[in-house]
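Report on the structure given below.
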Amino acid sequence: MSKSVLLCSVLLLLVPAGAGAQAQQSEKETTEARLKALEEQVRALQTLVESLRAAAEEAKVAPPPPGATIAPLISGGTAPVNAPGEGGASLPVYGGAPMGAKLLNPDISAIGDVLGSVGKNKVRPVPLFELHEMEVGLQAIIDPYARGDVFISFGETGVSVEEAYMTFTSLPGGFVARAGKMRAAFGQVNTIHNHALPTIERPLVTENLVGGEDGIDDTGISVTRILPAPKGLFLEGTGQVFRGDSGDVSTSPLFTSSRRRDASVVGHLRAFRDLTDSTNLDLGFSYARGHNDLGDPFITQLFGIDTTYRWRPLRRAIYNSFLFRNEFVWSHREQVANLQRAFGLYSFAEYRLNRRWTVAGRFDRSGRSRFSSLTDTGFSTILTYWPSEFAQIRGQYRYTRYAQQGDANELRFQFLYVLGAHGAHPF
């Protein structure tokens, strides 16, 4: 009995030992199989890398196919290569260096403005035909923090820089700054280039009180910031300091700087609100101050209010729209004997009949900054045809009653065309 018990005990001790040895052997075989599989994968990857490297080296030194030419890519050319199965025929290959070089070039545009006129105007006569302006624009993003805009005006009498400024878009505190030559933010019409006007010429109040066609256009700095406002109201404030020379120097200079400290200043507060999904209201208050052409002690001040009502249905804005705009300007000009106060305004309405045609009308009334007792009055009717987004043909009948200088009746024509990419103007 004791021998049987002893034998059972020995068997019980040997069974776990044998099972452990078998488990260790199985684990060793599994590890060896995994290592072998990994070695095979590494060899396959090495073979693939060597084949790719050999293909790349062969592509670098491979000569071009017969009949193919390689254009200088840096100068903007394309490299034609033979099309499969067509012998000497070649197809251009785009991209690469030419596309990279294009990124360094600014957007270039040219806008032609050709005018014609028949009728009588002894006060401000214009020729039968004239190339009023050819505006060349250069616009580009300089870096993530600034952009540059240059507008050069070519006319029949010479060349001038209409605007050339740099805009800093990422200043602390939400400020946006400009430095260079620019049109001042006084009212609405003064900020608009000639080709973007909805009429052929500027209103009487601009001609009489705000420096003529050139307006307040000077070299200086401008700072703009969006101001805190109640929900649904957009408020924007702009402050500008200029050298102090603005207006048409030959006919009606507005500001004249005789010393370095004779700077002019302009301020504008804009309030914008959407009334509905299709309508909005734009209200602005403007102020300008500078020395006039009588000398350093004499100051001219301008006060302005502008209102704009727009109706542009979301789905049919290119077919039907309506704009109603008004500007009011008060001028205080210091002279040797007294202070000349003058007031001027215009009221403009435009309706888009369809995609190609718009009709408009404008009423003008303005005193004169140098002779406040004289007031000019006029009205205009305008018809504009848009062959496309890049051309306009406009006709305008204008009647003006000049104080003590008789009446003017004119039928004027305008032909506008756009070449290249021209940036959008302020809304």
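Out of T307, L254, L281, whose Cα points farthest toward the positive end of the dipole of segment 172-415 (charges: +1 Lys, Arg; -1 Asp, Glu; placed on Cβ)? The listed residue farthest towards the positive side: L281. By the rule of a C-alpha distance below 13 Å, with chain neighbours fewer than 8 residues away ignored, the aspartates and glutamates paired with K181 are D149, E162, E163, D214, D217, D218, D245. Which of the three applies to segment 172-415, rounded, prolate or oblate, going by the alpha-carbon gyration tensor with a ≥ b ≥ c and a/c under 1.5 meaning rounded? Taking the square roots of the gyration eigenvalues as a ≥ b ≥ c, segment 172-415 is oblate. In straight-distance terms, cross-link reach from K122 covers every one of the aspartates and glutamates whose alpha-carbon lies under 17 Å from its own, apart from those fewer than eight places away in the same chain; here that gives E201, E207, D376, D407, E410.
If the reach is capped at under 17 angstrom between alpha carbons, list the aspartates and glutamates near K231, excluding any in the same chain fewer than eight residues apart. By straight Cα distance, K231 reaches D274, D277, D282.
Backbone amide hydrogens, once placed in the peptide plane, bring L254 within less than 5 Å of S246, G247, D248, excluding anything fewer than 5 places away on its chain. The distance from the alpha carbon centre of segment 132-154 to that of segment 280-323 is 23 Å, rounded to a whole number.
Among the chymotrypsin sites (Phe, Trp or Tyr not before Pro) in segment 315-407, those located in a DSSP loop and surrounded by at most 15 other Cβ atoms within 10 Å of their own Cβ are Y319, F371, F390.
Only the coordinates and a few stated rules stand behind these numbers; no lab work does. Note that the structure is predicted; figures quoted are calculated from it, not measured. We place every Cβ from the backbone using ideal geometry, glycine too, and count neighbours over all the protein chains shown.
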